[in-house]
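Before any comments, here is the structure.
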Amino acid sequence: MDLDLTDAQRALRDQAREVSLRELSPQAAEIDSQQRFPRQAVERLAKLGMLGVAVPKEWGGAGLDAVAAALMIEELASGCASTAAVVSVQGLVCESILRFGTEAQKRAWLPPLTSGAKLGCFALTEAGGSGPGCVDTLARRDGEGVLLRGSKSFVTCAPVAEVALVFALTAPGAKDSLSAFLVSTASAGVSCGPAHGKLGLRGAVSSAMTFDDVHLPSAALLGTEGGGRAVLRFALDGARVGAAALSVGIACAAFAAATRYALGRRTNGELIANHQAIQFKLADMSTQVDAARLLTWRAAAARDRGASVSAFASMAKLVASEAASHVAGNAVQVLGGNGCLADYPVERHFRDAKVTEIYEGTSDVQRLGIASALLKE
């Protein structure tokens, strides 16, 4: 893997770092405390071309790649993880349409999604779980189209989205009939529950969604009927690379906050940075950040090559999310009592990091996927 970034990748990373530092970070605590969707920030990022980075320019994207997107998400997450999560979801919806959509679907959805005129959400998880075998939502034939009936849980951006990428069965109980649909949230029969009160990533608002006999035309099918597993695998691989990059960004922010504090805090007249116990924590934190970043880059580079990426994506997501939790936890320890106060950002980083171990597949789900890939070799 070539670790040298292209000029375009560096330029996007640097631009994202600048906007993260100057615009996202100052608002992050307020967005978190109010559990407020960061609409102004998302609109600003849309103007900078950061929604749908891997979408070709002809469809309104930046025409870059998965490595560039990962670099951008990391930088945005270091300022406001909630905003980065929204951008990541928007990217996976765009890329799924780009990969599996018809020309008409691309024309209808990609320009408004990449421009931020419309927002997307990803609706997979149900009450029974988040795997493809847990889907019970049904899309039964109705003339030229289908009637969609069922419900989804924990849908990030559902309360603000104009389009949902929904997974449903086209034959009751037939798990091999899983299909993907692009559903306008303005359609009759679509409703969202109240926004969840979450531990972390609170600005990336989420809720349940209900589909009560929603009529969908045949043009709403993304990919082929019964081909939903291919769409889901592609989307989840990208989502996990994005989640890994977001985790690295959280870890970076927590490490930076702990380092600043250690270089300014004195006990008994001496900087705590001079204490070996603090130095060991900082050394471990820095090492974990770099290890997680390298795994994330490897997964993103494999995705750009068109290689099999599922195991790489799961490894990156597993290591990066657990690194984020460990680094943020150590940052709280470095700050001591102050680390438990909302006055300091590490308390928010700690909560945000924990969510990364759950969403887009828990750590144990990643381990199962990695083991499955290993045992097939």
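The values are calculated or read from the model by the stated rules, or taken from the named source; none is laboratory data. Being a predicted model, the structure only gives us computed values, none of them experimental. Cβ: placed from backbone, ideal geometry, glycine included. Neighbour counts: every protein chain shown.
Give the residue that is surrounded by the fewest Cβ atoms within 10 Å (Cβ to Cβ), with candidates limited to residues of the stretch 129-161 that are small (Gly, Ala, Ser) and modelled with pLDDT of 95 or more. Residue satisfying both the conditions and the ranking: SER151.
Number of residues in the stretch 109-128 that are closer than 25 Å to GLU43 by Cα and either at pLDDT below 95 or surrounded by fewer than 17 Cβ atoms within 10 Å (Cβ to Cβ) (or both): the value is 3. Here is the figure for the stretch 203-255: residues that are among the basic types (Lys, Arg) and out of contact with any helix residue (DSSP H, G or I) (no Cβ under 7 Å at 6 or more places or on another chain) total 0. Please determine whether any residue of the stretch 212-220 is within 22 Å of the chain's Cα centre (by Cα) and either of a type outside the set (Gly, Ala, Ser) or in a loop (DSSP other than H, G, I, E, B) (or both). Looking through the stretch 212-220, none of the residues is within 22 Å of the chain's Cα centre (by Cα) and either of a type outside the set (Gly, Ala, Ser) or in a loop (DSSP other than H, G, I, E, B) (or both). Of the residues making up the stretch 335-355, those that are in a helix (DSSP H, G or I) and farther than 10 Å from ALA254 by Cα are LEU335, GLY336, GLY337, ASN338, GLY339, CYS340, ARG351, ASP352, LYS354, VAL355.
Is it true that some residue in the stretch 272-285 is within 30 Å of GLY128 (Cα to Cα) and without any contact (Cβ under 8 Å) to a residue 60 or more places away in the chain? Looking for residues that are within 30 Å of GLY128 (Cα to Cα) and without any contact (Cβ under 8 Å) to a residue 60 or more places away in the chain, one finds none in the stretch 272-285, hence no. Entry remark, the stretch 164-185: residues being under 19 Å from VAL89 (Cα atoms) and in a loop (DSSP other than H, G, I, E, B) number 1 in total.
When both residues are 6+ apart or on different chains and their Cβ atoms are under 7 Å apart, which pairs have a first residue that lies in the stretch 320-338 and is closer than 26 Å to ASP364 by Cα, and a second that is of a type in the set (Ser, Thr, Tyr) and surrounded by 22 or more Cβ atoms within 10 Å (Cβ to Cβ)? Matching pairs, first to second residue: ALA320/SER247; ALA320/THR296; SER321/SER247; SER321/THR356; ALA323/SER247; ALA324/SER247; ALA324/THR356.
A quick yes/no check of all residues on (1) touching a Lys or Arg at 6+ places or on another chain (Cβ under 7 Å); (2) surrounded by fewer than 23 Cβ atoms within 10 Å (Cβ to Cβ); (3) in the same structural domain as LYS281 (by TED's automatic domain parsing); (4) in a helix (DSSP H, G or I):
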{"residue": "ASP237", "(1), (2), (3), (4)": "yes, no, yes, yes"}
{"residue": "VAL248", "(1), (2), (3), (4)": "yes, no, yes, yes"}
{"residue": "THR259", "(1), (2), (3), (4)": "no, yes, yes, yes"}
{"residue": "GLY264", "(1), (2), (3), (4)": "no, yes, yes, no"}
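In contact (Cβ under 8 Å) with a residue 60 or more places away in the chain, crowded, with 21+ Cβ neighbours inside 10 Å, closer than 17 Å to ARG293 by Cα and not hydroxyl-bearing (Ser, Thr, Tyr): is that true of ALA84 in this structure? Yes.
Yes or no: ASP352 over 30 Å from ALA230 (Cβ atoms) and among the acidic types (Asp, Glu)? Yes: the conditions hold for ASP352. Scanning for something in contact (Cβ under 8 Å) with a residue 60 or more places away in the chain, buried (at least 20 other Cβ atoms within 10 Å of the Cβ) and over 25 Å from SER33 (Cα atoms), does the stretch 341-360 turn up at least one residue? No: the stretch 341-360 contains no residue that is in contact (Cβ under 8 Å) with a residue 60 or more places away in the chain, buried (at least 20 other Cβ atoms within 10 Å of the Cβ) and over 25 Å from SER33 (Cα atoms).
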